[in-house]
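Worksheet: the structure to be examined is printed underneath.
The values are calculated or read from the model by the stated rules, or taken from the named source; none is laboratory data. What you are looking at is a predicted structure, and each value in this text was computed from that prediction instead of being measured. Note that we place each Cβ from the backbone using ideal geometry, even for glycine, and neighbour counts take in every protein chain shown. Note: areas computed on protein heavy atoms with side chains; ligands, DNA, RNA excluded. Shrake-Rupley method; radii C 1.70, N 1.55, O 1.52, S 1.80 Å.
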Amino acid sequence: MSIIVNDLVESYINELYNSRNDFLRKLRDDAEEEGVPIITKDTEGFMSVLLTIHKPKKILEIGTAIGYSGIFFASLIPKTQVVSIEMDDNMYLRARENIKKSGMTDHITDLKGDARNIIADLDETFDMIFIDAAKGHYTSFFKESLRLLKPEGVIVSDNVLYRGMTASNAFLIKRKRTIVKRMREYLAYISNHPEFETAVLSIGDGIAVSARKVEE
Ligand code: SAH
Ligand code: MG
């Protein structure tokens, strides 16, 4: 059951969904069966439109898992370069393998380590940053990757509504209290950021889109 999107609406939207290719279809099926938290179908649909409009040449992804979203971004926009960071050894190795199998090796650079350390060592700039890792650290991911964002860059943060828990204590599981408190602080922070226009959307597990304001 989804708290964020009505179940009937969600299953209707999911019926309209088409996988981009057989490789991604299988990777999604395997991930969903195993419970690897890859982007949901409706989030993927939204991202495909956003990427088609924004046409990012370089994307920084924080949180690779098994490589699904990174491979999806790279196969959607020709010539896009994705740099993706993952700190879990097992996930990192699986992502490597999947990237190889997908034929996207030339378009994806997978880096292993804690994103907070890796970001500090990067010196290239990106048109889009996709934050999809430890939910308690979104504010530091955002602040630390900001210097890598191009002037007209967009930051997308996934899972910001965290099964509805961010929106209401009615859904809160006690042991998630600290993470949820931090996520609320993050959403307040980006919603009031003087340099960005931010929208929090009830798609998938909740996504926030932050675009740099147009200067006068
Ligand atoms: N973007 C993927 C899903 C990522 S799931 C997709 O949609 O296909 C989140 C991943 O972030 C997990 O694999 C977890 O190990 C990783 N992660 C969590 N905290 C991290 C950190 N501080 N640095 C790098 N990776 C992190
Ligand atoms: Mg996610």
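Points worth noting:
- Share of carbon and sulfur in the accessible area of the chain stands at 52%, probe radius 1.4 Å.
- DSSP beta bridges fully contained in the chain are about 35 percent antiparallel.
- Residue 146 - accessible surface, heavy atoms, 1.4 Å probe, Å² rounded to 10: 30 Å²
- Computed about the Cα centre, the dipole magnitude for the chain is approximately 420 debye when only Lys and Arg (+1) and Asp and Glu (-1) carry charge, each at its Cβ.
- Mean residue ellipticity at 222 nm, helices only, the chain: -12500 deg cm²/dmol; runs of at least 4 DSSP H residues each add -39,500 (n - 2.57), and the sum is divided by the number of residues.
- Taking amide H positions as modeled 1.01 Å from N, with prolines and chain starts lacking one, the residues under 5 Å from residue 2 and 5 or more places away or on another chain are 7.
- Across 212, 182, the residue with the most accessible area heads the list, and the full order at a 1.4 Å probe is 182, 212.
- 18 Å Cα-Cα threshold exceeded, pairs from 57/79; 100/135; 41/143; 26/100; 181/213; 57/150: 100/135; 41/143; 181/213
- The residues 86, 152, 216, 10, sorted by heavy-atom accessible surface at 1.4 Å with ligands and nucleic acids left out, run 216, 152, 10, 86 from largest to smallest.
- Stretch gain in nm, segment residue 100-residue 169, where the contour uses 0.36 nm per residue and the Cα spacing is subtracted: 20.6 nm
- Farthest positive-ward along the chain dipole, Cα basis, beta-carbon charges - from 39, 59, 169: 169
- Taking all protein chains into account, the per residue accessible area for the chain stands at 53 Å² (1.4 Å probe).
- Spherically averaged projected area in nm², based on the convex hull that wraps the Cα atoms of the chain: 12.1 nm²
- Treating each Cα of the stretch 14-118 as one equal point scatterer and applying the Debye formula with no solvent, the log10 of I(q)/I(0) at q = 0.11, 0.15, 0.22 Å⁻¹ comes out as -0.30, -0.57, -1.27.
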